[in-house]
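A quick write-up on the structure given underneath.
What follows draws every value from the coordinates through simple rules; no lab data is involved. Here the structure is a predicted model, which is why all the values come from computation and not from measurement. Virtual Cβ from ideal backbone geometry, glycine too; neighbours counted across all protein chains shown.
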Amino acid sequence: MQIPWIDIRQQNAALRDEILPLWDEILTEAQFVGGKHLEAFEREFAAACGVPHCCAVSNGTDALRLIFHGLGVQPGDEIITVPNTFIATTEAIVQAGGSVVFVDVDPETYTMDPVALESAITPRTRGIVPVHLYGQTADMDPIIEIAQRHGLWVVEDAAQAHLAEYKGRRAGSMGIASAFSFYPGKNLGACGEAGAVATTSKELAERVRILRDHGQATKYYHEVNGYNNRCDALQTAALRVKLKYLPQWNERRRDVAAQYLNQLSGIDGLVLPTVHPDRLHVWHLFVVQLEDRDRVHEELKERGVSTSFHYPLPLHLQRAYIDLGCGRGSFPVTEAMAERLLTLPLFPEITKEEVSFVCDQLTDIVAGARV
Ligand SMILES: *Cc1c(COP(=O)(O)O)cnc(C)c1O
């Protein structure tokens with residue numbers, strides 16, 4: 001057996017006959033930018049997230065940057081986030097002119113530690129960006145309570161958490177705004193690059209709409225210096241088709257995760273992901289922790305199972321952020337995790353037999369190491 005850690009070909013092959021006629025029509029009408037699918041997708045995705053407003057944009061990184069610009073981030077403004085995320089979260093903060101301040105994560109859920117958050121707040125703090133990592137939301141109630149007490153905004157990085165829930169509330173509906181990515185490998189993936197801003201604020205939605213389209217509300221009349229961050233019609237058409245299947249894909253991801261949790265339970269030296277009872281996980285990634293992770297990764301590869309690392313080097317230790325001056329030892333939970341984590345194969349189309357095979361191989365390798 002050869003099992004990839006992600007396979008997006010099966011999903012796209014299955015939807016070929018639904019997507020191609022829409023693309024054919026777009027090609028015929030040459031309606032590549034804007035158009036009926038943009039408005040419809042924005043309406044449908046807003047409803048799916050439980051917010052009144054959605055703006056489709058060029059990608060998830062730009063979605064974050066447009067939110068920060070829309071909120072009026074100024075040079076010197078400190079924005080607090082976590083170091084165990086994809087770099088897009090902090091790239092967007094820096095691009096908008098803000099200063100990144102990291103806080104460590106909770107060792108159980110790998111999401112922002114509210115206690116660490118409170119102690120990182122200074123008079124220059126403007127906002128907080130929790131990341132709903134691997135498909136599970138951060139602990140939003142204490143984060144929002146701290147934000148309110150200090151007069152700060154909360155922006156959710158929901159790029160890995162389409163339709164995840166926290167105490168019955170959807171990811172992306174709890175902060176002032178949230179950013180989603182539709183990068184092809186995400187739970188809802190475009191056939192190219194795309195992203196979205198979801199927000200409860202009509203004013204912010206309006207600012208993002210203007211910023212994404214060269215700062216104009218009326219063509220050739222520019223209110224502000226904006227960007228070209230629009231989402232193209234081929235993507236919004238494909239995303240509308242895929243959004244219909246997202247609930248069942250997420251359900252299937254939960255089945256796969258349940259099988260892993262069941263078949264891998266009780267193995268000495270293997271730490272399984274924790275699902276907090278308050279939260280509905282959508283399993284963007286299934287990440288375990290173990291000693292000697294690099295060797296296990298290699299041995300699994302030899303047995304036909306590909307795995308990955310999300311993420312191998314925490315952001316505060318990246319060369320790009322050397323000037324932040326956070327050396328090794330700054331965020332011990334994140335640093336310990338980074339050396340031990342391994343992402344197992346998980347996608348909606350993976351079969352029970354394939355998951356069983358992965359479990360058997362992993363069990364064999366981990367047990368063998370202790371003999
Ligand atoms: C994918 C991702 C992004 C960025 O999305 P792009 O569409 O690739 O720009 C931002 N944050 C997190 C946590 C992500 O996983």
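What to note about this one:
- When you count the other C-beta atoms within 10 angstrom of each residue and take the mean per peptide, 84-93, 219-228 line up highest first as 84-93, 219-228.
- Cα-based equivalent ellipsoid, region 228-334: semi-axes from gyration tensor eigenvalues, Å: 29, 26, 16
- From least to most packed, judged by other beta carbons within 10 angstrom and beginning with the fewest, Met1, Met112, Met337 follow the order Met1, Met337, Met112.
- Taking each residue as 0.36 nm, the span from Asp364 to Arg43 lengthens on full extension beyond its C-alpha to C-alpha distance by 110.7 nm.
- In a reduced charge model with +1 at each Lys and Arg Cβ and -1 at each Asp and Glu Cβ, the chain shows a dipole moment near 660 debye about its Cα centre.
- The alpha carbon radius of gyration of region 275-332, expressed as a multiple of 2.2 N^0.38 Å, is 1.52.
- For region 264-278 versus region 336-350, the spacing of their alpha-carbon centroids is 13 Å.
- Going by neighbour counts of Cβ atoms within 10 Å, the residues Phe357, Phe180 line up, fewest first, as Phe357, Phe180.
- From largest to smallest, the equivalent ellipsoid semi-axes obtained for region 1-149 from the alpha-carbon gyration tensor read 35, 21, 14 Å.
- Note on region 150-193 and region 67-123: Cα centroid distance 15 Å, given to the nearest whole angstrom.
- Over the chain, the ratio between the Cα radius of gyration and 2.2 N^0.38 Å evaluates to 1.00.
- Unsatisfied cross-links (Cα-Cα over 20 Å) in the set Lys186/Lys244; Lys202/Lys244; Lys36/Lys219; Lys36/Lys244: Lys202/Lys244
- Estimated [θ] at 222 nm from DSSP helical runs (n ≥ 4, -39500 (n - 2.57)) normalised by residues in the chain, nearest 500: -13000 deg cm²/dmol
- Alpha carbon Rg of region 1-82, scaled by the compact-globule rule 2.2 N^0.38 Å: 1.55
- The mean sequence distance of close C-alpha pairs (under 8 Å, at least 6 residues apart), as a share of the length of region 4-153, puts its relative contact order at 17 percent.
- Label-to-label distance, Phe32 versus Gln2, with points set 7 angstrom from Cα along the beta-carbon direction: 3.5 nm.
- When peptides 164-171, 30-37 are sorted by average Cβ neighbour count within 10 Å, with the highest value leading, the order is 164-171, 30-37.
- Cα gyration tensor, region 116-232 - rounded (a/c under 1.5), prolate or oblate: oblate
- Paramagnetic reach from Gln11 in region 257-288 [backbone N under 19 Å; point 7 Å along Cα→Cβ]: 257-260, 280-287
- Shown in residue order for region 65-75 are the 3J(HN,Hα) couplings computed by the Karplus curve 6.51 cos²θ - 1.76 cosθ + 1.60 at θ = phi - 60°: 4, 5, 4, 4, 5, x, 7, x, 4, 10, x Hz (x for Gly and Pro).
- Going from the residue with the fewest nearby Cβ atoms within 10 Å to the one with the most, Trp23, Trp283 rank Trp23, Trp283.
- Karplus-based coupling profile of region 196-207, in residue order and whole Hz: 8, 9, 10, 7, 8, 9, 5, 5, 5, 4, 5, 5, with θ = phi - 60° in 6.51 cos²θ - 1.76 cosθ + 1.60 and x standing for Gly or Pro.
- Inter-centroid distance (Cα atoms) of region 222-242 relative to region 306-321, Å: 29
- The modelled label-to-label distance between Asp278 and Tyr221, using points 7 Å beyond Cα along the C-beta direction, is 4.7 nm.
- Extension gain, Ile87 back to Ala120 (0.36 nm per residue minus Cα-Cα distance, nm): 9.9 nm
- Rounded to whole numbers, the Karplus 3J(HN,Hα) couplings from phi for region 85-96 are 9, 5, 4, 3, 4, 7, 3, 5, 4, 5, 4, 7 Hz, using 6.51 cos²θ - 1.76 cosθ + 1.60 with θ = phi - 60°, and x at Gly and Pro.
- Most to least packed among 184-196, 49-61 [average Cβ atoms within 10 Å]: 49-61, 184-196
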